[in-house]
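Read-outs throughout are calculated quantities, based only on the coordinates presented, and are distinct from any laboratory measurement. It should be emphasised that the depicted structure is a prediction, and the values quoted were computed from it without experimental measurement. Please note: Cβ atoms are built from the backbone with ideal geometry, for glycine as well, and neighbour counts cover all protein chains shown.
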Amino acid sequence: MDFRFTDEQETFRSDVKKFIETTLTEDFWRSQEASEGERSSPKFSQMAAEAGWLAVAWPEQYGGAGLSYTEQMIYMEEMAEVGAPQEHHRRAVQQVGPSIILFGNEDQKTEYLPQIAKGELSFAMGLSEPDAGSDLAAANTRAVKDGDFYTVNGQKKWTSGAHYSDFLWTVVRTDPNAPKHRGLSMLIIPLDAEGVTVEPILDMQGEHHFNKVHFEDVKVPTKNIVGEENRGWYVNASTMDFERSGIARIASLRRALKQATSAHQNPQSGQSSNVKRTQLAELSVATKVTELLAYRVVSHQAAGLIPNYEVSITKLLASEVDQAIHNLHVGIDGLFGNLSFSKWAESAGQTASKGSLRTSANGYISAIPGTIAQGSSEIQRNVIATRGLGLPRG
Ligand SMILES: Cc1cc2nc3c(=O)[nH]c(=O)nc-3n(C[C@H](O)[C@H](O)[C@H](O)COP(=O)(O)OP(=O)(O)OC[C@H]3O[C@@H](n4cnc5c(N)ncnc54)[C@H](O)[C@@H]3O)c2cc1C
């Protein structure tokens, strides 16, 4: 593959950088702290949409910029580099919209796509359940057809962002008698529908990121089914395929590495050593390798190929290197590495991240779910072993 970007792509990158400089100002971050928090900002999503950046790789007829996967990757890389708030629109733009373009009917395209491209609609992903995670085909939230409606009962778990989203992209069981994969459908459920309850789950830092979503006799119009009934497994497989480069993860890795390196260079740190310097060098190399693997996935996509086990390699490596970098950073900060959400962080030499008082301890804890979310490391290793290396299934 060719690792260079074209002149047009470099110009695109500098335009994105300029947009970031003019929008993500100190004032913006201050207002974020006072309102929605760092991750989700309808205001930022709408500013990006007005500038024409939001749905970079969507066709223009659906409100996208009509550019390629490479430009989409550049956009996401730059946004992740500065920690721009993407959560309000990310799942809708990167996963739901492309699935509707592929499987949705004309009414669904008209109803959802323009609003998503304008940053006006937010989706959460309702896949995992208490007894269905790695084995998603075990999903058991029931949808029973009754005239023009499905009646939905059951529960989803670990649903990121359901508390601020408009809709849930939901895997439901429509045929309990069919083999596991064949009885599932994909249903769009409004999160304000009667009978839907969103119950917070606090993560290890006490933060509210994901939820349980309960359905009790929820009436959902049959027109909300995406693709054919009982073919939801295949719709979902494509949904998960759309954002495969993991480039945002790589950009966060680089950020984490930069912070750990600057902590090591900080004379207040007191915990710098030749061993840690060598570890930083090793992790820089690992970060670069992960970055190149992510570019390889994008170059496959840009060439019209469908990347496969390559995605698992990138995800596995990125999440594990991320944990190693944060672990090292906590060690570099020494005793101050025990502080979390502390106003003493910066004065102690820790690098609190922009717009918040998060410390290296917070970064370390945040990195832990990275090897579980979007497919655990064991599942990624299974994929690499069977599809990549051609080993038999155990
Ligand atoms: C931060 C975060 C955000 C998330 N957001 C969402 C979301 O928005 N929407 C959503 O639907 N879900 C979400 N999830 C759920 C996530 O997809 C699941 O946690 C994940 O797929 C693992 O499923 P599980 O938790 O049920 O664990 P299980 O599948 O029960 O796995 C338990 C353990 O067994 C191992 N294991 C399971 N099967 C195998 C196998 N075949 N071979 C080897 N080892 C195996 C796993 O690796 C793991 O260590 C999120 C999770 C996290 C951590």
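Can you give the FRET efficiency to the nearest 0.05 for Ala385 and Glu8, using r as the Cβ-Cβ distance and R₀ = 56 Å?
In this case the efficiency is close to 0.90.
Quote the relative contact order of region 124-231 in percent (integer), defining contacts as alpha-carbon pairs under 8 Å separated by 6+ residues.
Averaging sequence separation for qualifying contacts and normalising by length gives 30 percent for region 124-231.
Sum up the charges of everything whose Cβ sits under 9 Å from the Cβ of Thr197, counting Lys and Arg as +1 and Asp and Glu as -1, but leave Thr197 out.
Net charge in that neighbourhood comes out at -1.
Please give the FRET efficiency for Val285 paired with Glu320, using the beta carbon to beta carbon distance and R0 = 22 Å, rounded to the nearest 0.05. It would help to have the intermediate numbers written out before the result.
Values: r = 14 Å, r/R0 = 0.64.
For Val285 and Glu320, the calculated efficiency is 0.95.
Under 20 Å Cα to Cα from Lys17, which aspartates and glutamates show up? Leave out anything in the same chain fewer than 8 places away.
Result set, ordered by chain and number: Asp7, Glu8, Glu26, Asp27, Glu38, Glu50, Glu71, Glu77, Glu78, Glu81, Glu87, Glu291.
Want the number for Ile306 to Asp192: 0.36 nm per residue separation, take away the alpha-carbon distance, what's left?
So the chain would gain 37.4 nm between Ile306 and Asp192.
Which links in Lys157/Lys258; Lys180/Lys315; Lys118/Lys180; Lys43/Lys156; Lys109/Lys219; Lys118/Lys219 stretch past 25 Å when you go from one Cα to the other?
Lys157/Lys258; Lys180/Lys315; Lys118/Lys180; Lys43/Lys156; Lys118/Lys219
Suppose every K and R has +1 on its Cβ and every D and E has -1 on its Cβ; what is the size of the dipole of the chain about the Cα centre, in Debye to the nearest 20?
1100 debye
Just Asn274, Asn266, Asn308 to compare: in a GNM of the chain, with alpha carbon springs under 10 Å, which one fluctuates most?
Result for the chain, Cα springs under 10 Å: Asn274 fluctuates most.
Please find, in a Gaussian network model of the chain (springs between Cα atoms separated by less than 10 Å), the residue of Thr151, Thr278, Thr314 whose mean-square fluctuation is greatest.
Most flexible of the set in this elastic network: Thr278.
Hey, any idea what Rg/Rh is for region 242-290, computing Rh the Kirkwood way over Cα pairs?
Reported Rg/Rh, Kirkwood definition of Rh: 1.09.
Testing the spin-label approximation: label points 7 Å from Cα along Cα→Cβ at Asp217 and Ala137. State their distance in nm.
Result: 3.4 nm between the two label points.
Can you pull the one-decimal nm distance between simple spin-label points at Thr151 and Leu102, each 7 Å off the Cα toward Cβ?
A separation of 3.4 nm, rounded to one decimal place.
Under 8 Å for C-alpha pairs, at least 6 residues apart: give me the relative contact order for the chain, rounded to a whole percent.
Details: 684 pairs, mean separation 51.5, N = 394.
Over the chain, the number comes to 13 percent.
Counting other Cβ atoms within 10 Å of each Cβ, which trypsin sites (Lys or Arg not before Pro) in region 1-70 have at most 14 and sit in a DSSP loop?
Qualifying residues, ordered by number: Arg4.
May I ask you to derive the relative contact order of region 244-388, considering only C-alpha pairs under 8 Å and at least 6 residues apart, and to give it as an integer percent?
Details: 183 pairs, mean separation 42.1, N = 145.
With pairs under 8 Å counted, the relative contact order is 29 percent.
Given springs between every Cα pair under 10 Å in a Gaussian network model of the chain, which of Ser160, Ser273, Ser245 has the largest fluctuation?
Ser273
Any idea what Rg and Dmax come out to for region 154-258 if you just take the C-alpha atoms, in Å?
In Å, with Rg to one decimal and Dmax whole: 16.4, 53.
Along the positive direction of the dipole of the chain (beta-carbon charges: Lys, Arg +1; Asp, Glu -1; about the Cα centre), which of Gly388, Gln95, His300 reaches farthest?
Toward the positive end, the furthest listed residue is Gly388.
Rounded to a whole number, what is D in µm²/s for the chain from Stokes-Einstein with the Kirkwood radius over alpha-carbon pairs (10 °C, 1.306 mPa s)?
Result for D is 71 µm²/s.
What shape does region 151-201 take by its C-alpha gyration tensor, where a ≥ b ≥ c are the square roots of the eigenvalues and a/c under 1.5 counts as rounded, a/b above b/c as prolate, and the rest as oblate?
Verdict is prolate for region 151-201.
Local charge sum around Asn230 (other residues, Cβ-Cβ under 15 Å, Lys/Arg +1, Asp/Glu -1)?
So the surrounding residues net to +3.
At a Förster radius of 35 Å, what calculated FRET efficiency corresponds to the Cβ-Cβ distance of Met240 and Thr278, to the nearest 0.05?
Taking R0 as 35 Å, the efficiency between Met240 and Thr278 is 0.40.
Determine the shape class of region 244-388: with a ≥ b ≥ c the square roots of the Cα gyration tensor eigenvalues, call it rounded for a/c under 1.5, and otherwise prolate if a/b is greater than b/c, oblate otherwise. Working shown, then result.
Values: a/c = 2.35, a/b = 2.15, b/c = 1.09.
Since a/c reaches 1.5 and a/b is larger than b/c, the shape of region 244-388 is classed as prolate.
Counting only chymotrypsin sites (Phe, Trp or Tyr not before Pro) that are in a DSSP loop and have at most 13 other C-beta atoms within 10 Å, tell me the longest site-free stretch of the chain.
Longest run free of exposed loop sites: 4-343.
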